Amino acid sequence: MREHSVEQLFDEATVAERVRSLARAIAAEMSPQFTLVALLKGSFVFAADLVRELSRHGCTPRIEFMRVSSYGHDTKSSGIVSLMGDAPEAVRGEPVLLVDDIHDTGRTLAFTRSFLVERGARRVWTCTLLDKPSRREVESEVDFVGFTIPDVFIVGYGIDWAERYRHLPFIGRIVQAGP
């Protein structure tokens with residue numbers, strides 16, 4: 001890894017307020033009972049905070065996880081999305097909220113949304129903490145977006161770079177040092 005630092009983009013309080021706002025919007029649009037499918041690993045902190053906020057608004061989601069990958073240890077997507085491990089079984093006939101950390105190329109959301117529909121989900125809403133529209137390669141709509149960001153590599157609040165920085169309570173960007 002080259003020398004680098006992390007520059008804070010959104011502090012802990014700003015992130016918490018945005019998660020509260022997203023939960024209000026989701027609770028207003030969806031029925032109180034649905035299945036929330038969080039994409040691991042990057043969305044785990046966001047999904048945990050979102051579930052607690054949804055509960056405060058009367059929602060009682062079942063929680064499932066899917067693990068997909070398109071990055072590995074790189075800072076750029078490989079363009080190939082792969083399912084790692086088991087997929088949620090109990091989505092047939094259910095309304096589903098698919099939660100991801102970053103919507104960038106669009107491939108991950110398109111792949112997982114299609115996968116859940118093929119598994120029989122009644123409807124799939126999507127929610128991402130971050131949207132990076134400048135990187136879009138596959139058109140896919142997101143129903144609920146936390147923040148729109150420029151094309152920078154993000155870490156913190158559950159999001160990593162080569163398994164580092166997930167622990168940060170804020171959202172930051174990697175800044176490479178020197179030439």
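The values are calculated or read from the model by the stated rules, or taken from the named source; none is laboratory data. Since the structure is predicted, the reported quantities are computational estimates derived from the model, not experimental observations. Areas reflect the complete protein model, heavy atoms only, side chains present, ligands, DNA and RNA absent. Shrake-Rupley method; radii C 1.70, N 1.55, O 1.52, S 1.80 Å.
Using only Cα atoms, locate the centre of the range 1-46 and the centre of the range 108-163, then give the distance between them in Å, rounded to an integer.
11
If you take every DSSP beta bridge fully contained in the chain, what fraction is antiparallel? Give it as a percent rounded to 5. Numbers along the way, then the final one.
On the way: 13 of 35 bridges.
Antiparallel bridges make up about 35 percent of those DSSP assigns within the chain.
With θ set to phi - 60° and the Karplus curve 6.51 cos²θ - 1.76 cosθ + 1.60, what are the ³J(HN,Hα) couplings of the range 161-173 in order, to the nearest whole Hz, using x for Gly and Pro?
Working through the residues one at a time gives 10, 6, 6, 10, 6, 4, 6, 5, x, 10, 9, x, 10 Hz.
Residue separation times 0.36 nm, minus the C-alpha to C-alpha distance between R56 and A13: what's the value?
Numbers: separation 43, 0.36 × 43 = 15.48 nm, distance 1.80 nm.
Value of the extension gain: 13.7 nm.
Measuring with a 1.4 Å probe in the full set of protein chains, what accessible area per residue, in whole Å², belongs to the chain?
Working: 8770 Å² over 179 residues.
For the chain, the per-residue accessible area is 49 Å².
Counting only helical runs of four or more DSSP H residues, what would the 222 nm mean residue ellipticity of the chain come to if each run contributes -39,500 (n - 2.57) and the total is spread over all its residues?
Details: 3 runs with 43 residues, N = 179.
After summing the helix terms and dividing by the residues of the chain, the value is -8000 deg cm²/dmol.
If you roll a 1.4 Å probe over the range 82-179 with all protein chains in place, what percent of the accessible area is carbon or sulfur?
Working: 2160 of 4380 Å².
Ligands and nucleic acids excluded, carbon and sulfur give 49 percent.
Check which residues have an amide H placed less than 5 Å from H4's amide H, if you skip close sequence neighbours.
A177
Going by alpha carbons, how many degrees (0 to 90, nearest 10) lie between the helix axis of 107-118 and the longest principal axis of the chain?
The angle comes out near 20 degrees.
Amide H of E94 versus every other amide H placed in the peptide plane: which residues, excluding those fewer than 5 positions away on the same chain, fall under 5 Å?
Under 5 Å from the amide H of E94: R122.
Given H placed 1.01 Å from N in the peptide plane, which residues other than close sequence neighbours of R67 have an amide H under 5 Å from its amide H?
Under 5 Å from the amide H of R67: L40, M84.
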